[in-house]
Amino acid sequence: MMLLNPRNHYGKEDVIYWENFLSDEDIHFLRHHPSWMNYHTAEVGDAVEDYGIRRTNVAWVDFSEQNQHIWQKIAKVVSDINSQFFHINLTGFYEDMQLSEYSAAYQGHYNWHTDACSSDKQVPRKLSMVLMLSDANEYEGGELQIKTSDHDETLEMQMGRAWFFPSYMLHRVTPVTKGLRKTAVLWVGGEPWR
């Protein structure tokens, strides 16, 4: 049997994954990106550190020339997934990519939240992507869960797999209990929902 990308999750078209669209070299590039040297504690809301809600270190991948090969591959995947499944009016990337690090040393987590909010500073976030940069044997806990209409769905994370979902969906990362979990997260913007 040959499975084709992208694949929707359990027959639902609100959560889609695509894997291996980045090479091993691309994943290594993100895992060891120079911006990790300037990481800081993630903030929530109006630039507040609230460890009850979120305990994560973050760094940022900008749109500079050295990062363009990653952005171009992701843009193609976003376009393909959106045209096949979501059909959302997307206009582009308006924020840097976030590199997130969840460590068992501080029970790294992010409680239930959405990525879209009424106070979006630029163009509204409409589609979210979470790309796993860690191998499953590097950490325990740290499950990505999406709240669906009937239950909380745990999404299977594998290195190189990216999950896509509308930015208004509630989701969380459960506490990491062992090791270190790294992801790349980004948001695709578009005109306001109608």
task: Pull out the extension gain between Val44 and Asn137, defined as 0.36 nm times the separation in residues minus the alpha carbon to alpha carbon distance; nm, one decimal.
output: 30.6 nm
Within the chain: Cβ-based charge dipole about Cα centre, in debye rounded to nearest 20 (Lys, Arg +1; Asp, Glu -1): 180
query: Over the chain, one equal point on each Cα, no solvent: what is log10 I(q)/I(0) by the Debye formula at q = 0.08, 0.10, 0.19 Å⁻¹?
result: -0.24, -0.38, -1.63
statement: With only helices counted (DSSP H, runs n ≥ 4, each -39500 (n - 2.57)), the per-residue ellipticity at 222 nm for the chain, to the nearest 500, works out to -3500 deg cm²/dmol
statement: In nm, the gap between the two label points placed 7 Å beyond Cα toward Cβ at Met37 and Thr114 is 3.9
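So for Asp80, Asp26, Asp62, what's the accessible-area order with a 1.4 Å probe, most first?
Largest to smallest exposure gives the sequence Asp62, Asp80, Asp26.
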Sulfur and carbon atoms: percent of accessible area, the range 38-86 [1.4 Å]: 48
query: Which of the listed residues, Ala75, Tyr39, Trp60, is farthest toward the dipole's positive end in the range 27-81, when Lys, Arg count +1 and Asp, Glu count -1 at the beta-carbon?
result: Ala75
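Which percent of the accessible heavy-atom area of the range 140-194 goes to carbon and sulfur, probe 1.4 angstrom?
Details: 1230 of 2410 Å².
Carbon and sulfur together cover 51 percent of it.
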- prompt: Which ³J(HN,Hα) values in Hz, rounded to whole numbers, follow from the phi angles of the range 53-68 under the Karplus curve 6.51 cos²θ - 1.76 cosθ + 1.60, where θ = phi - 60° and Gly and Pro get x?
  reply: 8, 8, 9, 8, 9, 10, 9, 10, 10, 8, 8, 5, 3, 5, 9, 4
message: If packing is taken as the average count of other Cβ atoms within 10 Å, what order do 105-114, 44-53 fall into, highest mean first?
response: 105-114, 44-53
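Compare the peptides 179-188, 129-138 by average per-residue count of other Cβ atoms within 10 angstrom and give them in order, highest first.
Sorting 179-188, 129-138 by mean packing, highest first, produces 179-188, 129-138.
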- request: Filter the cross-link list Lys126/Lys147; Lys147/Lys182; Lys126/Lys182; Lys76/Lys178 down to pairs whose alpha-carbon distance in this structure exceeds 25 Å.
  value: Lys76/Lys178
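Mind checking the per residue accessible area of the range 17-97 for me, 1.4 Å probe, whole number of Å²?
On the way: 4480 Å² over 81 residues.
Result: 55 Å² per residue.
The values are calculated or read from the model by the stated rules, or taken from the named source; none is laboratory data. Computed from a prediction, not measured in an experiment: that's the story for all the values here. Ideal geometry is used to build each Cβ from the backbone, glycine not excepted, and the neighbour counts take in all protein chains shown. To get the accessible areas, we keep the full protein, side chains included, count just its heavy atoms, and leave off ligands, DNA and RNA. Shrake-Rupley method; radii C 1.70, N 1.55, O 1.52, S 1.80 Å.
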